[in-house]
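Trainee: First the structure, which I've put down as structure tokens, then a few questions once you've had a look.
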Amino acid sequence: MLDKGEDILKVIDFVETIHHPKEEQLLFPVIAKQVWLSQGGPLCTYYRGLQLEFDPLAPVRRYLRLFYEQSGISAPSIGEYSWLSEQSPLSIPMEEHFIGHELSVALRFLSNKKNSALYAEFFEIFRKLYSDLLRVHISKEDNCLFVMCEAKMS
């Protein structure tokens, strides 16, 4: 959808209502119980190293904080997952799900305020941040998580 230039709100609808809920409700709870999860897969160590060394989500968090301050809205609440812990390798994709969800809420909010200063300041930035986050997230799934799951579960 991203490669075809699909409208960002259509991408968000798919990711937030279909793709991420399936992972969070069906896939992640099953693999969270597996001992092999901590062994990682191709590129998992690389992605974890990038996260620890550079904190690539820090700029996104800063933009979101600025947006919340200027808009007066609060960050959306994040669900609780009994299978998730900070030590779990699943904390990496889940952090991306949480940040992506925040961006999607902001983008939906802004899409209804197209003539506002908030829209002018944040919509394009958040659209790009969401698209970039999703591309990196998909790369991690395709080159680490799903490869590992296929190897261990087949």
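Read-outs: derived from the displayed coordinates by stated rules, not from any lab. Bear in mind the structure is a predicted one, so any value in this text is a computation, not a measurement. A quick note on method: Cβ atoms are made from the backbone with ideal geometry, for glycine too, and the neighbour counts reach across all protein chains shown.
Trainee: Which trypsin sites (Lys or Arg not before Pro) in region 79-128 sit in a loop by DSSP (not H, G, I, E or B) and have at most 16 other Cβ atoms within 10 Å of their own Cβ?
Mentor: Sparse-neighbourhood loop trypsin sites (Lys or Arg not before Pro): LYS113, LYS114.
Trainee: Could I ask something else about it? Counting other C-beta atoms within 10 Å, and keeping those with at most 16, which DSSP coil GluC sites (Glu not before Pro) do you find in region 47-154?
Mentor: Sites meeting the loop and neighbour criteria: GLU80, GLU86.
Trainee: Would you count, across region 100-154, every pair of lysines whose alpha carbons are under 23 angstrom apart, provided the pair is eight or more residues apart or spans two chains?
Mentor: 4
Trainee: Still on this structure: With label points built 7 Å along Cα→Cβ from the Cα atoms of GLU121 and SER91, find their separation and express it in nm.
Mentor: 3.3
Trainee: I've got another one for you. Treating only the Cα positions of the chain as identical point scatterers, give the base-10 log of I(q)/I(0) from the Debye formula at each q in 0.13 Å⁻¹.
Mentor: Summing over Cα pairs of the chain leads to -0.64.
Trainee: A follow-up question, please. On full extension of the chain, what length is gained from TRP83 through ARG48, given 0.36 nm per residue of separation minus the C-alpha to C-alpha distance?
Mentor: Length difference between fully extended and current span is 10.6 nm.
Trainee: Taking loop as defined by DSSP and a crowding limit of 13 other beta carbons within 10 Å, which trypsin sites (Lys or Arg not before Pro) in region 1-47 fit?
Mentor: LYS4, LYS33
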